[in-house]
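The values are calculated or read from the model by the stated rules, or taken from the named source; none is laboratory data. Keep in mind the model is a prediction, meaning the values are calculated, not measured. Don't worry about glycine lacking a Cβ; one is built from the backbone with ideal geometry, like all the others, and counts go over all protein chains shown. Ligands, DNA and RNA are excluded from the accessible area calculation, which covers all protein heavy atoms including side chains. Shrake-Rupley method; radii C 1.70, N 1.55, O 1.52, S 1.80 Å.
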Amino acid sequence: MAKRVYFAFHYQDVIDFRANVVRKHNFAEGVESAGYYDHSIWEDAKKSSPSALKRLINAELEGTTVTAILIGSNTWARRWVRYEIFKSVERGNRVLGIHVNCIRGKDEKAKPLGPNPFDYLGLEFSSDSTHVKPTVWDNGGWFYYGDLDPYSPARQPNPNRGTHIQLSRWCPVYDWVRDNGYKNFNSWIT
């Protein structure tokens with residue numbers, strides 16, 4: 001059965017065609033053949049208020065089990081990509097990153113890889129593991145993330161209680177070209 005995948009990305013990577021190479025790579029023979037449904041939202045959403053955009057993202061995440069972050073040059077710093085990542089973690093989605101700068105853009109050139117967004121995001125677990133607070137790395141320190149309130153996580157193993165964990169510890173990252181995403185994407189989202 002096809003997985004429902006939410007794709008999060010910086011819209012510049014759609015303009016450059018990199019994001020769509022990943023999102024549409026295996027759709028020639030339909031959804032079941034591709035092995036996934038694309039549940040991403042488009043840039044028109046930027047015209048919405050923050051609360052309307054959160055509702056839109058939350059609605060699009062419903063029914064998904066995987067969130068793929070398409071990592072370009074500035075994805076790591078985008079406010080709403082951060083929100084999409086944290087909401088995906090909160091709802092229990094498998095979250096992974098895919099570097100897309102290695103894909104030739106409409107200018108026929110590849111770019112250096114962008115920073116891993118998971119290096120700049122973390123979770124602070126309460127000592128009894130009943131609450132988790134999303135955090136962001138900024139100006140040399142960790143700060144609480146303002147777009148998402150603390151929430152009750154799934155039960156955590158004892159070593160996570162009372163700790164701060166970078167998401168890069170949990171979320172795998174692939175390179176679309178080097179790791180042969182066209183062939184391996186379905187195994188990444190399993």
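Taking the condition of a type outside the set (Phe, Trp, Tyr) and either within 28 Å of Arg4 (Cβ to Cβ) or at pLDDT below 90 (or both), does Asp138 pass? Answer is no for this residue.
Within the stretch 77-103, the residues that satisfy the criterion of being of a type outside the set (S, T, N, Q) and within 14 Å of Val177 (Cα to Cα) are Gly97, Ile98, His99, Val100, Cys102, Ile103. Tell me which residues, restricted to the stretch 50-78, are open to solvent by less than 50 Å² (accessible area, probe 1.4 Å), outside any helix (DSSP H, G or I) and farther than 15 Å from Pro115 by Cα. Scanning the stretch 50-78 gives Gly63, Thr64, Val66, Thr67, Ala68.
Could you list all residues from the stretch 18-45 that are of a type in the set (D, E, K, R), at pLDDT 60 or above and open to solvent by 50 Å² or more (accessible area, probe 1.4 Å)? Spell out the reasoning first.
Kept after step one, since they are of a type in the set (D, E, K, R), are these residues of the stretch 18-45: 18, 23-24, 29, 32, 38, 43-44.
Add one more test, that the residue is at pLDDT 60 or above, and what stays is 18, 23-24.
Within the stretch 18-45, Lys24 is the sole residue that qualifies.
Looking only at the stretch 94-145, residues that are out of contact with any Pro (no Cβ under 9 Å at 6 or more places or on another chain), open to solvent by 50 Å² or more (accessible area, probe 1.4 Å) and of a type outside the set (D, E, K, R) come to 10 in all.
Within this structure, Arg161 passes the test of being touching a Ser or Thr at 6+ places or on another chain (Cβ under 7 Å), at pLDDT below 95 and surrounded by fewer than 18 Cβ atoms within 10 Å (Cβ to Cβ).
Which ones in the stretch 166-190 are under 19 Å from Lys87 (Cα atoms), open to solvent by less than 50 Å² (accessible area, probe 1.4 Å) and modelled with pLDDT under 95? Walk me through it before giving the result.
Here is the first cut: in the stretch 166-190, the residues under 19 Å from Lys87 (Cα atoms) are 166-173, 189.
Now narrow it down to the ones that are open to solvent by less than 50 Å² (accessible area, probe 1.4 Å): 167-168, 171-173, 189.
The answer is Ile189, and nothing else.
Taking the stretch 79-89 as the range and being more than 9 Å from the chain's Cα centre (by Cα) and either closer than 12 Å to Tyr120 by Cβ or surrounded by fewer than 19 Cβ atoms within 10 Å (Cβ to Cβ) (or both) as the test, only Arg79 passes.
Being closer than 19 Å to Asp179 by Cα and among the basic types (Lys, Arg) is the filter here; which residues of the stretch 104-119 pass it? Within the stretch 104-119, Arg104, Lys109, Lys111 qualify.
Among the residues making up the stretch 132-154, a single one is within 15 Å of Gly92 (Cα to Cα) and either over 22 Å from the mean Cα position of the chain (by Cα) or of a type in the set (Phe, Trp, Tyr) (or both): Tyr151. Residues in the stretch 51-74 that are at pLDDT below 95 and out of contact with any Lys or Arg (no Cβ under 9 Å at 6 or more places or on another chain): Ser51, Ala52, Arg55, Leu56, Ala59, Glu60, Asn74.
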